[in-house]
Amino acid sequence: MAIRTYVRCVISLLTGLWVTIGAAVPIGYLVLRLLQSANGGELGPDLLARPGVALSLLAAYALAAAIGGWAAGWVTIERRRRLTVFLSASHVGTWLVVLAAGASPFEPGLTLGLASAAVLGTIAGVFARAWQVSRGSRMPVAG
């Protein structure tokens, strides 16, 4: 029984990461296209100096992580705190490795901000799924 819970937790973690990446690509593309059109067709590193641009990127990534956390909760929600911690730690660890490898196209502060946005999004997504499950379990069975 413990093995099944462990396996579901691992599958849930992988699902959350996979869905976050899958959601981040189209959301990021849309945000960048909107930024490009608002900036006269230009994108460049000088845009990241603007607080509104940085906040929009952080919000977009938090949204992607919330979608990933919500999807992870579909696989298993029994140990949601553990799921939230593992999924958040995976996001932060990934961004720290990217930062340590020098592979981030962003300044270190923005990269750490993306890691923080992922944590907040994960918490929101897992919480939203847990809330859905608790609401559904209080509904009377029809029939």
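The values are calculated or read from the model by the stated rules, or taken from the named source; none is laboratory data. Keep in mind that this is a model prediction, so the values were computed, not measured. Here the Cβ is made from the backbone with ideal geometry for all residues, glycine too, and neighbour counts use every protein chain on show.
Residues Ile77, Ile11: which one is of a type in the set (Val, Ile, Thr), in a loop (DSSP other than H, G, I, E, B) and either under 21 Å from Thr122 (Cβ atoms) or at pLDDT 85 or above (or both)?
Ile77
Among the residues that make up the stretch 96-108, is at least one of them modelled with pLDDT of 90 or more, in a helix (DSSP H, G or I) and not hydrophobic (A, V, I, L, M, F, W, C)?
yes
Any idea which of Leu47, Leu57, Leu34, Leu83 is buried (at least 16 other Cβ atoms within 10 Å of the Cβ) and over 18 Å from the mean Cα position of the chain (by Cα)?
Only one candidate passes the filter, namely Leu47.
Looking at (1) within 13 Å of Gly16 (Cβ to Cβ); (2) touching a residue at least 60 places away in the same chain (Cβ under 8 Å); (3) crowded, with 17+ Cβ neighbours inside 10 Å, find the lone condition where Ala64 falls short.
(2)
Looking at Gly52, Gly40 in this structure, which one is on the phi > 0 side of the Ramachandran plot, modelled with pLDDT under 90 and out of contact with any Phe, Trp or Tyr (no Cβ under 8 Å at 6 or more places or on another chain)?
Checking each option against the conditions leaves just Gly40.
Take Leu32 and tell me if it is hydrophobic (A, V, I, L, M, F, W, C) and touching a Phe, Trp or Tyr at 6+ places or on another chain (Cβ under 7 Å).
Details: hydrophobic (A, V, I, L, M, F, W, C): yes; touching a Phe, Trp or Tyr at 6+ places or on another chain (Cβ under 7 Å): no.
When the stated conditions are applied, Leu32 does not pass them.
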